[in-house]
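Data first, discussion second: the structure below is written as C-alpha cells.
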Amino acid sequence: MLEDAIKWNQKHLEHPMPDTPSTLLVEFLPTLLNLDGRKALDIACGNGRNSKFLAQNGFECDSVDISEVALSLFAHLPNINTFQEDLDLFRPSIDSYDVVLNFYFLNRELFPSIIDTLKPNGIFLLETFIKESDGTNSSEIIDEKILNHNELEEIFSDFKILYNQSSYITRREGQEAKIISFVAQKNE
Ligand SMILES: C[S@@+](CC[C@H](N)C(=O)[O-])C[C@H]1O[C@@H](n2cnc3c(N)ncnc32)[C@H](O)[C@@H]1O
C-alpha cells in the first residue's frame, strides 16, 4: 500500500493528468440523469475529473484512490467524498450506488463487487486499455493491467450492454494504444 501510494503520489506530482471529463461520461449524462438515484462511485478517481463532472451535475460522488496527492486536488468540493484506499483491498458495500465509474484502472478482482454494489438499474461505465482481437497487446502495458478481447461481455453477461466500442488513443509517450469504452446497466 505505502509503496504504491508513494509511486502514484509522485506520478500525480510529476505528470498532472488531464482535467477534462471523459467524453463517454459526458455523452451518457442524460441517461444517468434518468436513473432514480444520484449516488456515484468513482474507482481510482485520480484528480477527480469525472467525479467533479458528476458532482456538478447533481450526483453525490464517493471518490476512491490510493494517492492523497490526487484526492487533495478536489476533496474540498461540494457533493464529493474522498477515500484514500488501496483498491487491492477496498471493496464497496452491497447495493449502494446508481453509477460506478472505472476509468484507466484495472483490477479484475473488483468486478464482482462492482456488480454487487450497483443498485438495480444501476449503470457501470468503464474505459481502459484492451488487447487486439487476435490477443496481441499493442501497448506496452503489462498483461495484468489490460483487458482481453470480449472479457467485459462475459463478466457483465447479466447486464444490458448500452455501449461497447473500441478505438485508439495516443499515450503521453506518443505510442498508440487500443482502448474500450463500455457502458452496461444492471437488470431491475
Ligand atoms: C491512470 S490514473 C486514472 C485516473 C482516473 N480514473 C482518470 O481516468 O482520470 C490511475 C489511478 O489509479 C490510482 N491507483 C493505482 N493503484 C491503485 C490502488 N491499488 N488503489 C487505489 N488507487 C490506485 C492512481 O493513483 C491513479 O490516480
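The values are calculated or read from the model by the stated rules, or taken from the named source; none is laboratory data. Since the structure is predicted, the reported quantities are computational estimates derived from the model, not experimental observations. Ideal geometry is used to build each Cβ from the backbone, glycine not excepted, and the neighbour counts take in all protein chains shown. Protein only, heavy atoms only, side chains kept; ligands, DNA and RNA dropped before computing areas. Shrake-Rupley method; radii C 1.70, N 1.55, O 1.52, S 1.80 Å.
Computed values, structure above
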read-out	value
Members of the stretch 143-188 that are under 15 Å from R108 (Cα atoms), open to solvent by less than 90 Å² (accessible area, probe 1.4 Å) and charged (D, E, K, R)	D143, K145, E151, E153
Selection status of E85, within 9 Å of the ligand (Cβ to nearest atom) and out of contact with any Leu (no Cβ under 7 Å at 6 or more places or on another chain)	yes
Residues being over 23 Å from P21 (Cβ atoms) and open to solvent by 40 Å² or more (accessible area, probe 1.4 Å) - total across the stretch 71-89	2
Hits in the stretch 41-71 (condition: near the ligand (Cβ under 6 Å from one of its atoms), at negative phi and not hydroxyl-bearing (S, T, Y))	C45, R49, D65, I66, A70
Tally of residues being within 15 Å of the ligand (Cβ to nearest atom) and either surrounded by fewer than 18 Cβ atoms within 10 Å (Cβ to Cβ) or more than 21 Å from L147 (Cα to Cα) (or both) across the stretch 114-130	0
Residues being crowded, with 16+ Cβ neighbours inside 10 Å and either in a loop (DSSP other than H, G, I, E, B) or of a type in the set (A, V, I, L, M, F, W, C) (or both) - total across the stretch 30-56	14
Lone unmet requirement of (1) more than 8 Å from the ligand (Cβ to nearest atom); (2) hydrophobic (A, V, I, L, M, F, W, C); (3) touching a residue at least 60 places away in the same chain (Cβ under 8 Å) for F111	(3)
